[in-house]
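The values are calculated or read from the model by the stated rules, or taken from the named source; none is laboratory data. If you're wondering where the values come from, they're calculated on a predicted model, not measured in any experiment. Here the Cβ is made from the backbone with ideal geometry for all residues, glycine too, and neighbour counts use every protein chain on show.
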């Protein structure tokens, strides 16, 4: 049984909770698309450094192709994989808001990652606090992780809802209901802080 067949077999199970986080991480590492619980809501995830996998997420979500996706990372060192070098001011900010439900938009001028930044020359990253998610990221590497719903739809709060959206061509991992809010979105550029998206449930400390 090849890799694709294994993923489809997992996706067709009636009890997706039997899939371990380790297997989910390995599937993602190998380029599979999967719905997993993030630190905010269920996300439809794929390896961020795999262009074909990223493009598949856009297709599955029917997402605006000009709209970049937030990238989950497992450590600050992961930023180097996107040729991003932090200055002292940026590091100071990140230490105040990470680990946590705050996504940070950083400059990314490398044309190599145009399939991610979509011409904006910026990328949004989040370093989550959730322990299991960090363990997955340590194996899978950075993940694009938009909400598990078609563009304009209501985010899936359960695996059953996600399956109704995306069917059996991807894998599913997780149990229970997750009803959260998207992360706060903050842009750091030219030593300026711009809050792009707020979250009434989260109040980051940015007193410098």
Checklist outcome for this item: Contact list, first residue from segment 109-131 and surrounded by fewer than 21 Cβ atoms within 10 Å (Cβ to Cβ), second anywhere and at pLDDT below 95 and not in a loop (DSSP other than H, G, I, E, B), beta-carbon distance below 6 Å, six or more apart or interchain, is 122/105; 122/107
Next on the checklist: I'm trying to understand the selection: among the residues of segment 150-180, which are touching a helix residue (DSSP H, G or I) at 6+ places or on another chain (Cβ under 7 Å) and surrounded by 20 or more Cβ atoms within 10 Å (Cβ to Cβ)?
Outcome noted: 156, 159, 166, 170, 171, 172, 173, 174
Checklist outcome for this item: Note on residue 65: of the conditions (1) modelled with pLDDT under 90; (2) loosely packed, with under 14 Cβ neighbours inside 10 Å; (3) not in a helix (DSSP H, G or I), unmet is (1)
Next on the checklist: Pairs please, first residue from segment 65-78 and touching a residue at least 24 places away in the same chain (Cβ under 8 Å), second anywhere and exposed (fewer than 15 other Cβ atoms within 10 Å of the Cβ) and part of a helix (DSSP H, G or I), Cβ atoms under 7 Å, 6+ apart in sequence or on different chains.
Outcome noted: 74/138
Checklist entry - Restricting to segment 94-117, what's the tally of residues that are in contact with a strand residue (DSSP E or B) (Cβ under 6 Å, 6 or more places away or on another chain), part of a helix (DSSP H, G or I) and either modelled with pLDDT under 90 or more than 17 Å from residue 49 (Cα to Cα) (or both)? => result 0
Next on the checklist: What are the pairs with Cβ atoms under 8 angstrom where one residue, in segment 179-208, is within 13 Å of residue 89 (Cα to Cα) and the other, located anywhere, is at pLDDT below 75 and in a loop (DSSP other than H, G, I, E, B)? Sequence gap at least six, or different chains.
Outcome noted: 193/206
Checklist entry - Looking only at residues in segment 168-184 that are in a strand (DSSP E or B) and at pLDDT 90 or above, which one is farthest from residue 102 (Cα to Cα)? => result 171
